[in-house]
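Notes for the one structure printed next.
The values are calculated or read from the model by the stated rules, or taken from the named source; none is laboratory data. None of these values were measured; they are calculated from a predicted model. For neighbour counting, all protein chains shown are included, and Cβ atoms are generated from backbone atoms with ideal geometry for every residue, glycine included. Keep in mind that these areas ignore ligands, DNA and RNA; they rest on the heavy atoms of the full protein, side chains included. Shrake-Rupley method; radii C 1.70, N 1.55, O 1.52, S 1.80 Å.
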Amino acid sequence: MQYLSKGKRSTVYLVRIKNKNYVKKIAKEWTIQNEVKWLKLLNKHKIGPKLISFGKDYLIEEYIEGLTIEEFLKNADRKDIKKVLLNCLNQCFILDKLKVNKFELTNPYKHIIITKTLKPIMIDFERCKYSLKPKNVSQFIEYILKLDLFKVDKEKIRELVKCYKEDYNLRNFKRILKEISYTF
């Protein structure tokens with residue numbers, strides 16, 4: 001086992017099983033069980049690293065090789081940035097439809113890994129909670145607006161997000177995507 005990092009709730013290691021790298025997360029039982037619950041659900045929707053196994057106070061998941069979203073944005077071209085950010089928003093929409101509030105998406109610097117194939121993978125689901133009014137799309141929109149990478153009508157986008165939050169439907173979500181897509 002090779003130490004990778006320590007967060008507020010867990011310690012993360014790189015483990016090698018059958019010549020393949022995985023992540024082993026060790027934490028208090030409630031933290032691990034919460035993350036396992038959400039990974040089981042989200043993996044069905046192709047969100048998050050694949051859950052491999054778990055125990056009372058640990059889980060083993062797929063190791064995601066790539067750059068944090070912050071590192072990726074420093075050197076990527078506009079076309080790749082657009083592709084990644086729109087993919088992230090689509091994942092946020094799925095989370096919202098599932099009534100899952102991930103948190104951490106206003107500042108997702110360490111919570112989204114971008115693979116070589118430009119697939120963004122969200123990680124760290126231990127803080128997830130069920131919510132009637134999830135905020136994943138709205139939080140990630142705020143992140144995009146803070147990036148200031150593109151000229152956008154921030155007030156118009158915020159108005160579209162406000163409509164979306166009143167009714168989490170595909171039509172309202174597509175209006176947000178359309179407005180953001182014009183700005184890239």
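The residues in region 56-88 that are over 17 Å from Asp148 (Cβ atoms), in contact with a helix residue (DSSP H, G or I) (Cβ under 7 Å, 6 or more places away or on another chain) and of a type in the set (A, V, I, L, M) can be counted, and the count is 2.
All of (1) surrounded by 20 or more Cβ atoms within 10 Å (Cβ to Cβ); (2) over 11 Å from the mean Cα position of the chain (by Cα) hold for Lys82 with one exception: (1). Scanning region 6-45 for residues that are of a type in the set (A, V, I, L, M, F, W, C), in a helix (DSSP H, G or I) and under 20 Å from the mean Cα position of the chain (by Cα), which turns out nearest to Cys92 (Cα to Cα)? My answer is Leu42.
Please go through region 119-149 and pick out each residue that is at positive phi and within 14 Å of the chain's Cα centre (by Cα). Matches in region 119-149: Asp124 only. Filter region 10-40 down to the residues that are charged (D, E, K, R) and surrounded by fewer than 19 Cβ atoms within 10 Å (Cβ to Cβ), then identify the one that is nearest to Lys50 (Cα to Cα). So the residue we want is Lys40.
Assessment of region 43-61 against the conditions (within 15 Å of Cys128 (Cα to Cα), without any contact (Cβ under 8 Å) to a residue 60 or more places away in the chain and surrounded by fewer than 19 Cβ atoms within 10 Å (Cβ to Cβ)) yields at least one matching residue.
For Lys97, the stated conditions hold: it is within 21 Å of Ile157 (Cβ to Cβ) and open to solvent by 80 Å² or more (accessible area, probe 1.4 Å).
Annotation: of all residues in region 153-169 being within 28 Å of Glu71 (Cβ to Cβ) and surrounded by fewer than 18 Cβ atoms within 10 Å (Cβ to Cβ), the one that is farthest from the chain's Cα centre (by Cα) is Lys154. Within region 62-75, the set of residues being among the hydrophobic types (A, V, I, L, M, F, W, C) and surrounded by fewer than 19 Cβ atoms within 10 Å (Cβ to Cβ) comprises Leu67, Leu73. I'd like to know if region 78-92 contains one or more residues that are free of Cβ contacts under 8 Å to residues at least 40 places away in the same chain, of a type in the set (A, V, I, L, M), in a helix (DSSP H, G or I) and in contact with a Pro (Cβ under 8 Å, 6 or more places away or on another chain). Yes, that holds for at least one residue.
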